[in-house]
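Note sheet for the following structure.
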Amino acid sequence: MELKRVVITGLGAVTPIGNNVADFWAALCSGSNGAGKITRFDCEKFKVHIACEVKNFNPLDHFEYKESRKLDLYSQFGIVAASEAVEDSGINQDNADLDEVGVIFASGIGGLTSFNDEVSDFGRGDGTPHFSPFVIPKLLPDIAAGHISMKYGFRGVNYGIVAACASSAIAIADAFNYIRFGKASVIVTGGSEAAVCEAGIGGFEAMKALCSTHNDDPLTASRPFDAERAGFVMGEGAGALVIEELEHALARGAKIYGEIIGVGFSGDAYHITAPHPEGIGARLSMQRAIDDAKISLEDVGHINTHGTSTPMGDASEVLAIKQVFGDYAPKIAINSIKSMTGHLLGGAGAIEAIATALTIKNDIVPPTINHFTDDPAFEGLDFTFGKAKERHLDYAISNAFGFGGHNVSIVFKRY
């Protein structure tokens, strides 16, 4: 069968460094940092006191009070990001069949903050059940997709993806496959997360996944590919993309940010949280994405890495890049925007997909900040340390990997 071409026609973002796409992109290019002391709860008894929180987000700027009470913060972030993307795309009932507009929207954890608060309140009581009637809908990881579809009357494919930190990238890849195989014309996709709460910080802290050594200097805590990296910094927020079949987009005169041309999936089959030390899963996902896109290794000019700032994660991904690209690897501009945004967990792949698309469109590779000490194992690669780099790009890859060994790579192309 003839595959359809898939383009990006709308973008939306709520992030620790900007609550819309324009501010997010400007902050990335300038090397701005979203880290600071946790304000969402009293963290003094925790080992970790820092996170990359979304700033200046007032739900009442976007929702009626009663509506806001029915939505977990992760859904609020997701709906706001999706709203920006839909408005940016110009999709409406006059230029699209709403029966054919879908929503595939992800979260790695879902309404953890609501669950945290409800259980805490119950635990402080005498055991008498007194739960909000909205607590179950608020915590479901798929519910943001439902809210987005209901807001706009989109009646096409509708579901959520749960694949830990790969969730929103897999949602984008699924949406891409739906459209290129002719099963949809337009899909709103991406993901959201809001896990800066006692359960989120405490749980990841107990796993020793978070950086706990820079509480007094949060701006330097997330340092991907640095020899002294010591864990990731929790982030929060959402990213949304409207992706569309090319001819449908052209027929309605849509602006086009770029094209998605290939995806690759793999499983580590190794460990519930640790990546394969030999980079097998990351290697397979990147190679499969390149093969799916039908491009050569030398076409790839940029990789937006998963780059979490964890000792094992960064090492595994770099090894995989060297295995896939061999002698060509040093010519690729590599970066990790998690050095600025922290790790948005299930929302990370979405904001990184946005960053990758804008990198190609604008010929600017945002930097990897917070590099202090070279890691000898990473010698010879270009990590775009320190400041943004101007570079003409036609193709780029965005990687996302999640607990459970879930891996996905997406190939973007200049349009």
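If we scan segment 348-370, do we find a residue that is open to solvent by 40 Å² or more (accessible area, probe 1.4 Å) and out of contact with any strand residue (DSSP E or B) (no Cβ under 7 Å at 6 or more places or on another chain)? Scanning segment 348-370, I find at least one residue that is open to solvent by 40 Å² or more (accessible area, probe 1.4 Å) and out of contact with any strand residue (DSSP E or B) (no Cβ under 7 Å at 6 or more places or on another chain), so the answer is yes.
Checked against (1) closer than 30 Å to Gly258 by Cβ; (2) in a helix (DSSP H, G or I); (3) touching a Leu at 6+ places or on another chain (Cβ under 9 Å), Met150 passes all but a single condition, namely (3).
If you go through segment 189-202 and pick out every residue that is touching a Phe, Trp or Tyr at 6+ places or on another chain (Cβ under 7 Å) and either open to solvent by less than 10 Å² (accessible area, probe 1.4 Å) or among the aromatic types (Phe, Trp, Tyr) (or both), you end up with 8. Of everything listed in (1) farther than 30 Å from Gly258 by Cβ; (2) in contact with a Leu (Cβ under 6 Å, 6 or more places away or on another chain); (3) open to solvent by less than 20 Å² (accessible area, probe 1.4 Å); (4) of a type outside the set (D, E, K, R), the single unmet condition for Ala221 is (2). Name the helices (runs of 4 or more DSSP H) wholly within segment 8-102 that hold at least 1 residues that are surrounded by 18 or more Cβ atoms within 10 Å (Cβ to Cβ)? So the answer is 21-30, 73-89.
If you take the residues of segment 145-183 that are open to solvent by 10 Å² or more (accessible area, probe 1.4 Å) and touching a Phe, Trp or Tyr at 6+ places or on another chain (Cβ under 7 Å), which of them is farthest from Ala238 (Cα to Cα)? Among residues in segment 145-183 that are open to solvent by 10 Å² or more (accessible area, probe 1.4 Å) and touching a Phe, Trp or Tyr at 6+ places or on another chain (Cβ under 7 Å), the one farthest from Ala238 (Cα to Cα) is Val157. Within segment 363-389, restricting attention to residues that are among the aromatic types (Phe, Trp, Tyr) and not in a strand (DSSP E or B), the residue that is nearest to Gly191 (Cα to Cα) is Phe383.
Residue by residue, here is whether (1) of a type outside the set (Phe, Trp, Tyr); (2) over 21 Å from the mean Cα position of the chain (by Cα); (3) open to solvent by less than 20 Å² (accessible area, probe 1.4 Å) holds:
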position: Phe204; (1), (2), (3): no, no, no
position: Phe225; (1), (2), (3): no, no, yes
position: Gly237; (1), (2), (3): yes, no, yes
position: Ile261; (1), (2), (3): yes, no, no
position: Ile272; (1), (2), (3): yes, no, no
position: Ala282; (1), (2), (3): yes, no, yes
position: Asp291; (1), (2), (3): yes, yes, no
position: Lys294; (1), (2), (3): yes, yes, no
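Counting the residues of segment 108-139 that are assigned to a loop (DSSP other than H, G, I, E, B) and buried (at least 19 other Cβ atoms within 10 Å of the Cβ) gives 4. Once segment 305-323 is narrowed to residues that are over 19 Å from Gly349 (Cβ atoms) and without any contact (Cβ under 8 Å) to a residue 60 or more places away in the chain, the residue that is most open to solvent (accessible area, probe 1.4 Å) is Met312.
Every listed requirement among (1) among the charged types (D, E, K, R); (2) farther than 16 Å from Asp382 by Cα; (3) free of Cβ contacts under 8 Å to residues at least 40 places away in the same chain is met by Glu298 save one, (2).
Suppose the filter is touching a Gly at 6+ places or on another chain (Cβ under 8 Å) and either modelled with pLDDT under 95 or under 14 Å from Ile148 (Cα atoms) (or both); does Ser89 pass it? Criteria not met by Ser89. All of Thr373, Thr368 fail the test of being polar (S, T, N, Q), within 19 Å of Pro311 (Cα to Cα) and more than 17 Å from the chain's Cα centre (by Cα), apart from Thr373.
The values are calculated or read from the model by the stated rules, or taken from the named source; none is laboratory data. Small disclaimer: the values here were computed from a predicted structure and weren't measured. Reconstructed Cβ throughout: ideal geometry from the backbone, glycine too, with neighbour counts over all protein chains shown. These area figures cover heavy atoms from the full protein model, side chains too; ligands, DNA and RNA do not enter into them. Shrake-Rupley method; radii C 1.70, N 1.55, O 1.52, S 1.80 Å.
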